[in-house]
Amino acid sequence: MSNHFDAIVIGAGFSGIYMTYKLHQDGFTVKTLEKAAGVGGVWNVARYPGAHCDSESHCYNFMFSEELYRKWAWSKRFAPQEEILRYLNFAADELDVKKQMQFNTEVSSAKWDEEKTQWQILTSEGEEFTATYLISGVGCLSTSNIPNFEGRDNFAGESYHTGAWPHTPVDLKGKRIGVIGTGSSGVQSIPMIAQEAAELYVFQRTPQYTSPARNRTITEEENAQLKADYAGIRERIVASYAGYPYVRSTKSAVGTPEEERLAMLEATWEKGGLSFGSTFNDIGINPNSNDIVSEFIRSKIRETVKNPETVESLLPNYYYTTKRPIIDTNYHETYNKEHVTLIDLKEQPIVRITKSGIQTAEKEYTLDIIVYATGYDAMTGTLLKLDIIGRDGVTLKEKWADGEKVETYLGLGVSGFPNFFTITGPQSPSVLTNVPASIEQHVEWISDCLQYLKMNQIKTIEPTEEAEQQWSKQCMDIANSTLYTKTDSWYTGSNIEGKTRGFLIYLGGLNSYRQICSDIAGNGYEGYQLKTTEAIK
């Protein structure tokens, strides 16, 4: 059997499923390689207690097919991990793409062969593939990060990372458990772990702004209404700034009278979900407006947490939304439980992991289990981990100076790497949108591009250096006009020791980005070098 395909896709999450389907439908041969045992991407591995989506279920799914949309009914407003994984398996089966997928197969390297104008792909198992096109669907949050604490391997108990949780149940009952990290996975898992643990110690580096999820069951009537409004929901998603079917606020926080402003904040707080961060239209750009909303959340934390010393440690002071906005269920309430202790790492940093637990600057905490809720090497981590080698033997790691100078064109391609596409890659809207909406836009753009190349007998496509540099500057200029770059976060890479600080997300809005990509394609793929077979010879 030949191991040559028109396209190799890496990853079988949302991106891989839809990309595989589109390629096959368009008449391309495709093989999708996935290191896990099945589809699901991050939802196949992040099985920690309390893992939920923070986008509302009815828009956190594929929207390209009304038939597919109508066949599935979500049970919860915010779906738990296991239901999302069931959905992705359902979608893969309905679209009949698993036969193009190879699981338990990790890509170890991909090298561009200039003479043959194709990619050579090698797996960790020693299997070789070749392909005209290489498409990354690895996602922005797929490489777990565990800080290099001294003595980490000495711990005699059990250790788990929320991003690589076992597929079999972990017995937490009656255990002394330490959770390091209070990002999204920490905020979701801590209340659930507290229900089981005899003692729970939360080691917090940075307190978080959270708003209530208000998760609940979706009724049959609501599901019927959502299915009936498929066209409207999809139209609103496509037209929206962040890929959600909601109308953006037109009001400024500072420009709204105090009584009206408070009423609006209370109403969106009670409604719950990520919509709280969109109560006003200038939270991300106006420090005064941001402070109004930030102080409102701090007041809610003060109302909830009873211990005065604990509540002070839980009050964040950075700009709200400049770290990932988090929705929670009983997170701050958990600190009122007698068996839950908050350790503020700014007051007593972790010195080392010991055989029996965690040693801080003040004392040692004896533990049975350590949970690392320490997030991911976001945006570039997984791409840099892959050994991708472009023209003239230059690796992607070298091209990006080991992450110090990341430049792409549209977050879709990289100069010097012909016929290579990245779905929701660095410098696309990606994680600051409803990600499936961004994925669909990218997959459809790539699909249209490959059909154009085929129709016009174009052998290779890659961005020009000039287009790449201009796009990267545009992304950074927009980011610097906001508050996002004023805060250390995984958006900027500051959660990874030694990683160069940057901002690799396009903040101009998914709707604007969609139009830019469409215009570039309409102009014969402006900013790209296109070469026919004759030109290559």
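The values are calculated or read from the model by the stated rules, or taken from the named source; none is laboratory data. The shown structure was predicted, so the numbers you read here are calculated from the model rather than taken from an experiment. Cβ atoms come from the backbone with ideal geometry, glycine included; neighbour counts cover every protein chain shown. The protein model used for the area step is the full one, side chains on, heavy atoms only, and it has no ligands, DNA or RNA in it. Shrake-Rupley method; radii C 1.70, N 1.55, O 1.52, S 1.80 Å.
For the reader, a short list of remarks on this structure follows.
- Using the empirical formula 2.2 N^0.38 Å as the baseline, the Cα radius of gyration of region 358-454 reaches a ratio of 1.51.
- A 1.4 Å probe, protein heavy atoms only, puts the accessible area of R214 near 90 Å².
- Around Q427: net Lys/Arg minus Asp/Glu count, Cβ-Cβ under 11 Å: -1
- Integer Hz, Karplus 6.51/-1.76/1.60 couplings in order for region 230-236, x for Gly and Pro: 3, 4, x, 4, 5, 4, 5
- Using the empirical formula 2.2 N^0.38 Å as the baseline, the Cα radius of gyration of region 407-448 reaches a ratio of 1.10.
- Once the convex hull of all Cα atoms in region 226-310 is built, its volume per residue stands at 130 Å³.
- In Å², nearest 10: area of R302 left accessible to a 1.4 Å probe: 100
- Carbon plus sulfur fraction of accessible area for region 383-446, probe 1.4 Å, in percent: 46
- This model, with +1 at the C-beta of Lys and Arg and -1 at the C-beta of Asp and Glu, gives the chain a dipole about its Cα centre of some 260 debye.
- For region 261-363, the alpha carbon positions stretch 50, 28, 21 Å along the principal axes, listed from largest to smallest.
- DSSP beta bridge pairing in the chain, given as percent antiparallel to the nearest 5: 40
- Three principal axis extents of region 158-213 based on alpha-carbon atoms, in descending order, are 30, 23, 22 Å.
- Our summary gives the chain a relative contact order of 19 percent, counting only alpha carbon pairs under 8 angstrom and 6 or more residues apart.
- Exposure of S512 as accessible area (Å², to 10), given a probe of 1.4 Å and all protein chains: 50
- Within the accessible area of region 170-210 (1.4 Å probe), percent carbon and sulfur: 45
- Listed values for region 84-100 are Karplus-derived 3J(HN,Hα) couplings in whole Hz (6.51 cos²θ - 1.76 cosθ + 1.60, θ = phi - 60°), namely 5, 5, 4, 4, 5, 5, 4, 4, 4, 6, 4, 7, 6, 9, 5, 5, 9, and x replaces Gly and Pro.
- Across K116/K473; K71/K454; K35/K175; K22/K99, pairs whose alpha-carbon gap is larger than 24 Å: K116/K473; K71/K454; K35/K175
- Residue order by solvent-accessible surface for E260, E115 is E115, E260, largest first, with ligands and nucleic acids left out and a 1.4 Å probe.
- Shape call, region 130-182: gyration tensor on alpha carbons, a/c limit 1.5: prolate
- Net charge over other residues, Cβ less than 13 angstrom from the Cβ of D291 (K, R count +1; D, E count -1): +1
- The listed residues D6, D328, once ranked by accessible area (1.4 Å probe) with the largest placed first, stand as D6, D328.
- Computed with a 1.4 Å probe over protein heavy atoms only, the accessible surface of region 342-486 comes to 37 Å² per residue.
- Debye-formula intensities of region 100-189, expressed as log10 I(q)/I(0) at q = 0.14 Å⁻¹, are -0.77 (one equal scatterer per alpha-carbon, no solvent).
- Exposure rank, largest accessible area first [L33, L274; 1.4 Å]: L274, L33
- Near the amide H of S428, within less than 5 Å, lie the amide hydrogens of Y506, all on another chain or at least 5 residues away, with H placed in the peptide plane.
- Shape call, region 1-159: gyration tensor on alpha carbons, a/c limit 1.5: oblate
- In order along region 199-208, phi translates into HN-Hα couplings of 9, 10, 10, 9, 9, 9, 8, 10, x, 10 Hz, rounded to whole numbers, per the Karplus curve 6.51 cos²θ - 1.76 cosθ + 1.60 with θ = phi - 60° and x for Gly and Pro.
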